[in-house]
């Protein structure tokens, strides 16, 4: 489904002070895989996620999604890929505090210019997929628990039925029990609905929920193995 070839990323900090955070990274992920990318702070894992999500460009190398050379595309096509092919889930939820659950989930549909008459059914389907109780759908997002907010964020990521879900430290703001519920939601989406999921984490206990773990250190993939 996606392939990274010799991906490097260097930030220009000054005339004689460049920072290289990714160094000739190579890997391939097949459709339907659940992969965790694990590494400490500063290892390059978030930069890698931003490149996979077409939010940032590599300094060198190529990134292919469905055999398409992503960064050879014009900006409008990149925006279309981000909108239709990739769903994003963030540690901080990124919900609109004064909007209802339903309105939060529908936000991507507005940008995708989906007719209003279709938005309700699509939002309902996404919220059912993450097992959020219907009585919560009219609540404001700031009236929810952390776990419920993250499930709303996951539903929002699902709303356009993306091929790929990118989750950046999705349990980072949750207690361990609530985090387990969210991780089970990801496993369900992967097993039952066959979404390809890439989960970014620094926590080995979180990574253990994935089927495959890639470990990154100092900008390089140092391990890539299947979980038992």
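The values are calculated or read from the model by the stated rules, or taken from the named source; none is laboratory data. It should be emphasised that the depicted structure is a prediction, and the values quoted were computed from it without experimental measurement. Backbone-built Cβ (ideal geometry, glycine too); neighbour counts: all protein chains shown.
Structure notes:
- Test: residue in the stretch 165-184 that is under 12 Å from the mean Cα position of the chain (by Cα), assigned to a loop (DSSP other than H, G, I, E, B) and either closer than 16 Å to residue 126 by Cβ or in contact (Cβ under 8 Å) with a residue 12 or more places away in the chain (or both): yes
- Which listed residue, of 82, 57, is more than 20 Å from residue 149 (Cα to Cα) and outside any loop (DSSP other than H, G, I, E, B): 82
- Among the residues of the stretch 74-88, the ones that are in contact with a helix residue (DSSP H, G or I) (Cβ under 8 Å, 6 or more places away or on another chain) and either surrounded by fewer than 17 Cβ atoms within 10 Å (Cβ to Cβ) or farther than 19 Å from residue 155 by Cα (or both) come to 2 in all.
- Residue within the stretch 202-217 that is crowded, with 17+ Cβ neighbours inside 10 Å, in a strand (DSSP E or B), within 14 Å of the chain's Cα centre (by Cα) and touching a residue at least 60 places away in the same chain (Cβ under 8 Å) present: no
- For the residues 93, 27, 71, the requirement of being buried (at least 20 other Cβ atoms within 10 Å of the Cβ) and either outside any helix (DSSP H, G or I) or out of contact with any helix residue (DSSP H, G or I) (no Cβ under 7 Å at 6 or more places or on another chain) (or both) singles out 93.
- For the stretch 25-46, filtering for residues that are on the phi > 0 side of the Ramachandran plot and without any contact (Cβ under 8 Å) to a residue 60 or more places away in the chain leaves 1.
- Filter result for residue 49 (assigned by TED's automatic domain parsing to the domain that holds residue 218 and either surrounded by fewer than 16 Cβ atoms within 10 Å (Cβ to Cβ) or free of Cβ contacts under 8 Å to residues at least 24 places away in the same chain (or both)): no
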